[in-house]
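S.K.: Please read through the structure below; I'll follow up with questions.
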Amino acid sequence: MSELKIGLVGTGAIGRTHIERINNKLAGAKVIACADVNADFCKKVADQYGIAAYATGEEMIEKAGVDAVIVTTSDAYHEQYVMAAIQAGKYVFCEKPLAPSAEACKRIVEAELAAGKQLVQVGFMRRYDPGYRQLKEAIQTRKYGEPLLLHCAHRNASVTEPWDNASAVENSMVHEIDVLRWLLGEDYATAEVRYGKSTRKAKEGLHDPQIMILTTKSGVRIDVESFVCNGQCYDIRCEVVCEDAILNLPKPATIEVLADTVRGNAVDADWTTRFVEAYNVEFQEWINATKAGRVDGPSAWDGYACQVAAAAASKARETQTIQPVTYDEMPALYKK
Ligand code: ISE
């Protein structure tokens, strides 16, 4: 295949950054069409990039002559367009989460099983971050012994999307739920969510920070802080306590500035800058694998497994109890 022709559904902020990176930075693919419920805005984006605009994702998938689809709509509509791509036999990249519920994710898994091949990749971009990949290699080789504990933090200066107490797990820490399962190479056994003393800066009715506590099937214990109204910066941490060493996720390299009797390094204001390299690697590898007729990244099953754990964590938060994380049997299609 010469150049992968892509159709993108959902021309919101993340969708536009993906068009920009694919059409102006990466190799081997072009977004040639887009669709969005907001027809006027979709046309503006299409004109900006010189691509075709369609009224619906389904029409674009049917008529635009695309080889693959990217879904960047709001979460509630992911299932609709992922299903449309599967039914048309197209490879599809869906931004996280695959769908807001484990049941919807399972319907997508069943559609893939019926299609007889994997077509879906989910946008858990942290697996492509160089720092997380170094952690994965160090853990997988057991160079430092067994991983025992993980201490993580997911801190936002503020959140713009509609946000409630469930969002900390279902919108933010869903990244940790996926990347830590990938890092450790195993599924979760229990989930728990506890509240900290809330910041005065928390939105009305929101408990912020929250702590999610997970255990894995082998007994590794994980705590993840979610602090989404810290008002300062975007800060992602992952410390892995192993039998023979402590491993820490590298901080992004920025110059040290010594000025006005202060020494410091710039940090990220929000998530759109912290993981730019991860997004670029993620999409270049997706383009390459799709052209080769493969899905190498997070699968529809990974998307399902994530939502199973997120649902258990949400139930744990609502009931202030420890909840089991119970998965269906993984189909052979997803066994590597
Ligand atoms: C946002 O939706 C994302 O997906 C970011 O990666 C995450 O860090 C942020 O907390 C979410 O709100």
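S.K.: Run the accessible area of the chain with a 1.4 Å probe and give the carbon-and-sulfur part as a rounded percent.
M.R.: Numbers: 7810 of 15050 Å².
About 52 percent, which is the carbon plus sulfur part of the accessible surface.
S.K.: Check cross-link reach from residue 291 to the aspartates and glutamates: straight Cα distance under 18 Å, and skip same-chain residues fewer than eight apart.
M.R.: Cross-link targets: 3, 67, 282.
S.K.: Highest mean first, how do 85-91, 206-212 rank when packing is the count of other Cβ atoms within 10 Å averaged over residues?
M.R.: Numbers: 85-91: 18.1, 206-212: 21.0.
Highest mean packing first, the order is 206-212, 85-91.
S.K.: Then there is this: Within straight cross-link reach of residue 251, meaning Cα distance under 15 Å, which aspartates and glutamates are found once same-chain residues fewer than 8 apart are removed?
M.R.: Residue 251 reaches 129, 235, 239, 268, 270, 277.
S.K.: Using θ = phi - 60° and the Karplus relation 6.51 cos²θ - 1.76 cosθ + 1.60, list the HN-Hα couplings for the range 102-111 in order, rounded to whole Hz, with x at every Gly or Pro.
M.R.: Once rounded to whole Hz, the list reads 5, 5, 5, 4, 5, 5, 5, 4, 5, 5.
S.K.: Count charges around residue 210 for me, please; just the other residues with Cβ under 9 Å from its Cβ, Lys/Arg as +1, Asp/Glu as -1. All intermediate terms of the calculation are to be shown ahead of the outcome.
M.R.: On the way: positive: 194, 317; negative: 208, 225.
Neighbourhood net charge equals 0.
S.K.: Let's test this: bin the Cα-Cα distances of the range 233-300 at 5 Å from zero up to the farthest pair and state each bin's percent.
M.R.: With 5 Å bins starting at 0, P(r) equals 3, 12, 13, 15, 15, 16, 13, 7, 3, 2, 1, 0.
S.K.: Amide H of residue 4: which non-local residues (sequence gap of 5 or more, or other chain) have their own amide H closer than 5 Å, using H built in the peptide plane?
M.R.: Sorted by chain and number, the residues that satisfy this are 29, 30.
S.K.: Shifting gears a bit: Quick one: what are the phi-derived ³J(HN,Hα) couplings along the range 173-182, Karplus 6.51/-1.76/1.60 with θ = phi - 60°, whole Hz, x for glycine and proline?
M.R.: 6, 4, 5, 5, 4, 6, 5, 6, 5, 6
S.K.: When only DSSP loop residues count, what GluC sites (Glu not before Pro) in the range 221-315 have their Cβ near at most 16 other Cβ atoms within 10 Å?
M.R.: Listed in order of number, the matching sites are 243.
S.K.: Okay, next question. Is there a pair in 96/197; 217/336; 136/336; 143/335 whose C-alpha atoms are over 21 Å apart, and which pairs would that be?
M.R.: Working: 96/197 29 Å; 217/336 19 Å; 136/336 17 Å; 143/335 25 Å.
In this structure, 96/197; 143/335 exceed 21 Å between Cα atoms.
S.K.: What percentages make up the Cα-Cα pair-distance distribution of the range 216-333 when the bins are 5 Å wide from 0?
M.R.: In order of increasing distance, the bins hold 2, 7, 10, 13, 16, 18, 16, 8, 5, 3, 1, 0, 0 percent.
S.K.: Also, quick follow-up: On a C-alpha basis, how far is the centre of the range 6-42 from the centre of the range 76-132 in Å? Whole number, if you could?
M.R.: About 18 Å separates the Cα centre of the range 6-42 from the one of the range 76-132.
S.K.: Kirkwood Rh, the range 58-110, all Cα pairs: how many Å? Mind showing how you got there, number by number?
M.R.: Values: mean 1/r = 0.0901 Å⁻¹.
One decimal place: 11.1 Å for the Kirkwood radius.
S.K.: Using the crude model of +1 on Lys and Arg Cβ and -1 on Asp and Glu Cβ, and no other charge, please compute the dipole size for the range 199-336 relative to its Cα centre, in debye to 20. Let's see the in-between values first.
M.R.: Values: 15 positive and 20 negative charges, 54 e Å.
Its charge dipole is roughly 260 debye.
S.K.: Report the convex hull volume per residue for the range 1-84, counting only C-alpha atoms, in Å³. Write down the numbers at each step before the final one.
M.R.: Numbers: hull volume 6.9 nm³, N = 84.
Convex hull of Cα atoms, per residue: 82 Å³.
S.K.: Restricting to Cα pairs below 8 Å that are 6+ residues apart, what does the relative contact order work out to for the chain? Please round to a whole percent.
M.R.: Once normalised by length, the contact order is 19 percent.
S.K.: If you don't mind, there's one more thing I want to ask. Just to confirm, what accessible area per residue do you get for the range 247-336 at 1.4 Å probe, in whole Å²? Show your work: numbers first, answer last.
M.R.: Details: 4860 Å² over 90 residues.
Accessible area per residue, the range 247-336: 54 Å².
S.K.: A follow-up question, please. Between 119, 229, 313, whose Cα lies farthest towards the positive end of the dipole of the chain when Lys and Arg beta carbons carry +1 and Asp and Glu beta carbons carry -1, centred on the Cα centre?
M.R.: 119
S.K.: Considering only DSSP beta bridges whose two residues both sit in the chain, what percent are antiparallel, to the nearest 5?
M.R.: On the way: 30 of 58 bridges.
Percent antiparallel among DSSP bridges in the chain is about 50.
S.K.: Follow-up. Listed here are the pairs 44/90; 30/63; 5/90; 63/90; which of them are more than 18 Å apart at the Cα? Please list the in-between numbers first.
M.R.: On the way: 44/90 26 Å; 30/63 16 Å; 5/90 11 Å; 63/90 13 Å.
Those over the limit are 44/90.
S.K.: Normalised by the residues of the range 90-201, what does the relative contact order come to in percent, with Cα pairs under 8 Å and at least six apart?
M.R.: Working: 58 pairs, mean separation 31.0, N = 112.
After rounding, I find 28 percent.
S.K.: For the range 1-140, what ratio Rg/Rh do Cα atoms give with a Kirkwood hydrodynamic radius? Could you put the intermediate results ahead of the total?
M.R.: Details: Rg = 15.4 Å, Rh = 15.6 Å.
We get a ratio of 0.99 for the range 1-140.
S.K.: May I have the convex hull volume per residue, in Å³, for the Cα set of the range 152-283? All intermediate terms of the calculation are to be shown ahead of the outcome.
M.R.: Working: hull volume 21.0 nm³, N = 132.
Per-residue hull volume (Cα only) is 159 Å³.
S.K.: Among 21, 181, 142, which one shows the highest mean-square fluctuation when the chain is modelled as a Gaussian network with alpha-carbon springs under 10 Å?
M.R.: Highest fluctuation of the listed residues: 142.
S.K.: Also, I was wondering about something else. Starting from a Cα-only point model with no solvent, please compute log10 I(q)/I(0) by Debye for the range 211-272 at q = 0.21, 0.29 1/Å.
M.R.: -1.04, -1.26
S.K.: Quick one: 3J(HN,Hα) in Hz for the range 139-151, Karplus 6.51/-1.76/1.60 with θ = phi - 60°, rounded, Gly and Pro as x.
M.R.: Here the 3J(HN,Hα) series is 6, 4, 7, 6, 4, 10, x, 6, x, 10, 9, 10, 10 Hz.
S.K.: Quote the Stokes-Einstein diffusion coefficient, in whole µm² s⁻¹, for the chain, based on the Kirkwood radius over alpha carbon pairs, a temperature of 10 °C and a viscosity of 1.306 mPa s.
M.R.: On the way: Rh = 20.8 Å.
In µm²/s, the coefficient rounds to 76.
The values are calculated or read from the model by the stated rules, or taken from the named source; none is laboratory data. Quick caveat: nothing in here was measured; it's all calculated off a predicted structure. Please note: Cβ atoms are built from the backbone with ideal geometry, for glycine as well, and neighbour counts cover all protein chains shown. Please note that ligands, DNA and RNA were not included when accessible areas were found on the heavy atoms of the full protein model with its side chains. Shrake-Rupley method; radii C 1.70, N 1.55, O 1.52, S 1.80 Å.
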